[in-house]
1. If a residue must be in a loop (DSSP other than H, G, I, E, B), more than 25 Å from Gly141 (Cβ to Cβ) and hydrophobic (A, V, I, L, M, F, W, C), how many such residues does segment 84-126 contain?
2. Name the residues in segment 65-105 that are within 11 Å of the chain's Cα centre (by Cα) and aliphatic (A, V, I, L, M), would you?
3. So, in segment 135-178, how many residues would count as being touching a residue at least 12 places away in the same chain (Cβ under 8 Å), farther than 17 Å from Lys108 by Cβ and either open to solvent by less than 10 Å² (accessible area, probe 1.4 Å) or assigned to a strand (DSSP E or B) (or both)?
4. So for segment 51-72 (the condition being open to solvent by 30 Å² or more (accessible area, probe 1.4 Å), touching a Lys or Arg at 6+ places or on another chain (Cβ under 8 Å), touching a residue at least 12 places away in the same chain (Cβ under 8 Å) and hydrophobic (A, V, I, L, M, F, W, C)), does at least one residue qualify?
Amino acid sequence: MKRLPILFYFLFFSAFAAKSQTTVPVQYQQLVSKLTEQNPVNQTKKIESPNRLLDFAKSMLGIRYRSASSSPSRGFDCSGFVNYVFSNFGFKVPRSSREFATSGEAKKLEDAKIGDVILFTGTNSRSRTPGHVGIIYSINGDEVKFIHSSSGNAKGVTISSLDEGFYKKRFLKVVSIL
């Protein structure tokens, strides 16, 4: 019977000691947050990334389309291409077009910027499920161009206009990753 209180005290103090080792003081959290905001590397990355990112994406124009692939030597599907480009710059982004719908910061088309990810339905425009993605390449007035890996007539990494074909009808939303 004397063992029960000893066991209880042992478990209580063990749990308390373990919790105290995993708790991070609020002052430390605030200091780390302030330092990461002031870090010039983070600020430069946000400013330079769209142009560098798009130059890198443009260097892959003409690479063939290949379903379920994210390799420049074998080819890209749409999400594999977007994933490959962003991953090259250290961004962790989804691998499937459906997962892009819940990542980043959602924006209206009017608020889109170069380097944002643009989402479309699949070939069935009545289904509002994401099935195609690309990266916004240029915005000139109302004309939005995007770079993507297409399984359509272009067959591979290409630049298309939102006004071409039925892209405008399939448009879902824009997501900001940068």
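The values are calculated or read from the model by the stated rules, or taken from the named source; none is laboratory data. Everything quoted here is computed from the prediction, not taken from an experiment. Cβ coordinates were reconstructed from backbone atoms using ideal geometry, including for glycine residues, and neighbour counts include every protein chain displayed. Please note that ligands, DNA and RNA were not included when accessible areas were found on the heavy atoms of the full protein model with its side chains. Shrake-Rupley method; radii C 1.70, N 1.55, O 1.52, S 1.80 Å.
1. In the first step, residues of segment 84-126 are kept if they are in a loop (DSSP other than H, G, I, E, B); the result is 89-96, 101-104, 108, 112-116, 122-126.
Of the ones still in play, those that are also more than 25 Å from Gly141 (Cβ to Cβ) are 89-96, 101-103, 122-124, 126.
If we keep only those that are hydrophobic (A, V, I, L, M, F, W, C) too, we end up with 89, 91, 93, 101.
So the answer is 4.
2. If the condition is that a residue be within 11 Å of the chain's Cα centre (by Cα) and aliphatic (A, V, I, L, M), then Val82, Val85, Val93, Ala101 are the ones that fit.
3. The qualifying residues number 14.
4. No: zero hits.
Quick grid of which residues meet (1) part of a helix (DSSP H, G or I); (2) in contact with a Pro (Cβ under 8 Å, 6 or more places away or on another chain); (3) at pLDDT 95 or above:
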{"residue": "Thr36", "(1), (2), (3)": "yes, no, no"}
{"residue": "Thr44", "(1), (2), (3)": "yes, no, no"}
{"residue": "Ile47", "(1), (2), (3)": "yes, no, no"}
{"residue": "Pro50", "(1), (2), (3)": "yes, no, no"}
{"residue": "Phe56", "(1), (2), (3)": "yes, no, yes"}
{"residue": "Gly62", "(1), (2), (3)": "no, no, yes"}
{"residue": "Ser67", "(1), (2), (3)": "no, no, no"}
{"residue": "Ser79", "(1), (2), (3)": "yes, yes, yes"}
{"residue": "Val82", "(1), (2), (3)": "yes, no, yes"}
